[in-house]
Every structure is written in structure tokens, then in C-alpha cells.
Amino acid sequence: MPTPSSTALPIRRLTLRDLTACADLSEDRGWPREEHKWGFLLAAGKGYGIDDPDGGLVSACVVTEYGPQDRPVLGSIGMVLVAERHARQGIGRRLMRHIVSAMGTTPLTLHATPYGRPLYEELGFKVTGRAEMLRGRFTPGEPESGIVTRAATAEDLTAILRLDEEVFGADRTHIVTRLPAFVDQLRVAEESGRIIGYAAAWPNMDTHVVGPLIARDTRTAKTLFASLAAHTDRPLRTDIDVRHEELLVWAKEHGLVSVAFNTVMTYGIAELPGDWNRRFAPVTVAAS
């Protein structure tokens with residue numbers, strides 16, 4: 001019986017049982033395996049994939065939805081991968097078309113690499129911003145005065161969720177409530193007993209990724225970033241909205257260097273909801 005063409009193989013939903021196959025696919029394309037991140041995304045979002053008849057996955061991606069479960073107001077697409085042996089056969093385009101169709105009228109967003117951007121533009125995604133990836137060992141400087149930071153506690157969850165929805169522009173309880181189990185650090189910034197920002201650092205290979213980073217202003221964002229750095233001996237990595245020029249300059253002055261840029265794109269919506277002035281870095285660009 002002939003092997004079906006890879007362009008005719010069915011697209012199915014992925015589950016946590018596909019974690020190893022997803023990590024194998026990442027490795028196949030020269031990415032880190034990132035099993036910790038894949039596990040988080042497959043648990044919080046919807047995975048889509050195509051099985052390879054010879055074993056493993058031909059392609060995979062994850063969609064993370066935000067807002068009410070029955071009528072999400074935003075879907076974020078990430079981890080779009082096609083196995084090297086199946087590349088340049090239109091499989092990524094087919095998978096993306098399937099997702100756009102499956103999401104119906106729900107607006108979509110993604111962070112595109114230079115390699116992926118032409119496909120997304122062809123599908124109707126528009127450029128709405130950029131994020132700069134930084135990496136390096138943070139060198140502490142003069143402490144920011146007047147803002148208290150501390151480790152978050154269970155009692156902070158309600159306030160964090162309220163602040164997060166206000167800044168992000170959609171309910172992402174299913175993401176925020178998973179952070180304590182996913183991250184190594186979750187810290188809040190306080191003023192007069194009120195939470196004015198929060199940030200996390202989670203393990204990814206040999207680094208700690210700083211994200212999400214939500215803060216009242218740049219000074220608060222710097223204080224949270226520095227407080228996370230003070231509690232790890234790993235290099236840091238983060239993706240900062242390029243409109244936050246002051247934070248980018250400060251981070252580079254403290255030892256981080258620019259690694260890459262990603263293009264923020266949207267479909268069905270002119271710009272992302274929420275308040276970008278207080279949204280400095282995503283949990284991960286794979287979930288915006």
C-alpha cells in the first residue's frame with residue numbers, strides 16, 4: 001500500500017502524550033527540545049499536528065486562547081514547526097490555514113521569525129509591532145529605590161489576575177494559575193500594600209526566561225527584572241516590546257545583548273488589546 005502524500009495526511013489535536021514527539025520535532029529543526037515549555041503550552045492551549053507514517057510528527061503548533069472559554073477574544077499561535085524532511089512542501093501553509101479556519105472569527109496573533117513572516121503575510125496577517133530578544137548574564141547596578149519586591153504568595157493570586165487582565169486586555173486565568181508550577185520565581189512589586197506589577201522567571205535549557213513582565217511603569221519593570229536576576233545564577237533571556245526603549249537600553253547596560261528580533265503580527269484585529277505601556281514581556285513569544 002503506497003505511503004500517503006504528506007500533504008494529504010490528516011491534521012489532529014495534540015495532547016500531553018505527544019510531548020516527546022513535539023520535542024523531537026524541535027530538535028529536528030535545530031531548536032532546543034524545550035520539553036518544559038511544550039508541556040506548559042500543550043496543557044494550557046490547543047496543539048495541532050500531523051503524524052508521520054514513519055513515526056514522529058510531520059508538523060506541529062500550539063494555539064493559546066484568551067477570554068471566555070466558549071468565545072475567546074484572542075488566539076495566539078506559536079511553535080509552528082515542520083520536520084526538515086517535509087519542508088518546502090506547503091505543509092506549514094496547510095496547517096496554518098486549518099488553524100485560521102478552526103478559529104473562525106477569533107482574532108489571532110503570533111510572533112514571526114524572518115523565515116516565517118512571508119507565509120503569515122500571504123495568509124493575511126499584518127505587522128503590528130516588534131519584540132527584541134535579549135540574552136546574557138545580568139550585572140547588578142544601583143538598586144531602584146522606593147519600590148518593594150517580594151516572592152508572590154497564594155494570597156496575591158486574585159490581585160495578580162485582576163492586574164493581568166487589565167493590562168493584557170483579556171482573561172488568561174488558565175495561564176496565570178499555571179505559573180507557580182511552571183516558573184522557578186514569581187515576584188510582585190508593591191506600593192503601599194498594593195501590587196503594581198509582577199514578573200516570573202522560568203527555566204529553559206541553561207537560561208531563565210523573564211516573562212511575563214507586567215509593571216506600572218519602566219522603573220517598576222526594572223526593579224522586578226533586577227529582583228529576578230538577583231535570585232538566579234543562570235543567564236537571563238527575555239523578549240521585550242521594542243517600544244520600551246528605556247528598558248532595552250537599561251538591560252543592555254546591565255549585561256544582556258541583543259540576539260534576534262521577532263515581528264508581532266495579527267489577523268482579524270488591527271492591534272492587540274490591553275495596555276502595551278504596562279506590558280513589557282510575554283510569558284513566551286509562543287503564547288504572546
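Details
- Selection of first residues in region 236-250 that are farther than 23 Å from Asp206 by Cβ and of second residues that are among the aromatic types (Phe, Trp, Tyr) and in a helix (DSSP H, G or I), restricted to Cβ pairs under 7 Å at least 6 apart or on distinct chains, gives the following pairs, ordered by first then second residue: Asp241/Trp276; Arg243/Trp276.
- So Val249, is it aliphatic (A, V, I, L, M), touching a Lys or Arg at 6+ places or on another chain (Cβ under 6 Å) and surrounded by fewer than 20 Cβ atoms within 10 Å (Cβ to Cβ): no
- Against the conditions (1) without any contact (Cβ under 8 Å) to a residue 24 or more places away in the chain; (2) on the phi < 0 side of the Ramachandran plot; (3) not aliphatic (A, V, I, L, M), Arg135 satisfies every one except (1).
- Summed over region 261-288, the residues that are open to solvent by 40 Å² or more (accessible area, probe 1.4 Å) and of a type in the set (A, V, I, L, M) give a count of 3.
- Matching residues in region 73-91 - criterion: being surrounded by fewer than 19 Cβ atoms within 10 Å (Cβ to Cβ) and at negative phi: Val73, Glu84, Arg85, Ala87, Gln89
- Only listed residue being within 24 Å of His244 (Cβ to Cβ), of a type in the set (A, V, I, L, M, F, W, C), touching a strand residue (DSSP E or B) at 6+ places or on another chain (Cβ under 7 Å) and modelled with pLDDT under 95, chosen from Val148, Val167: Val148
- Some residue of region 260-279 being at pLDDT below 95 and within 19 Å of the chain's Cα centre (by Cα): yes
- Set Val176, Val209: member being in contact with a Ser or Thr (Cβ under 9 Å, 6 or more places away or on another chain), at pLDDT 95 or above and either surrounded by 18 or more Cβ atoms within 10 Å (Cβ to Cβ) or more than 14 Å from Ala131 (Cα to Cα) (or both): Val209
- Qualifying residue in region 16-39 (condition: outside any strand (DSSP E or B) and closer than 18 Å to Met103 by Cα): no
- Residue in region 233-240 that is of a type in the set (Ser, Thr, Tyr), part of a loop (DSSP other than H, G, I, E, B) and on the phi < 0 side of the Ramachandran plot present: no
- Leu163 vs. criteria under 25 Å from Leu179 (Cβ atoms) and either touching a Gly at 6+ places or on another chain (Cβ under 8 Å) or surrounded by fewer than 14 Cβ atoms within 10 Å (Cβ to Cβ) (or both): yes
- Any hit, region 180-201, residues being crowded, with 18+ Cβ neighbours inside 10 Å, assigned to a helix (DSSP H, G or I) and modelled with pLDDT of 95 or more: yes
The values are calculated or read from the model by the stated rules, or taken from the named source; none is laboratory data. Bear in mind that the values here come from a model prediction, so they are computed numbers and not experimental data. Cβ sites come from the backbone with ideal geometry, for glycine too, and all protein chains shown count toward neighbours. Just the protein is used for accessible areas: all its heavy atoms, side chains included, with ligands, DNA and RNA removed. Shrake-Rupley method; radii C 1.70, N 1.55, O 1.52, S 1.80 Å.
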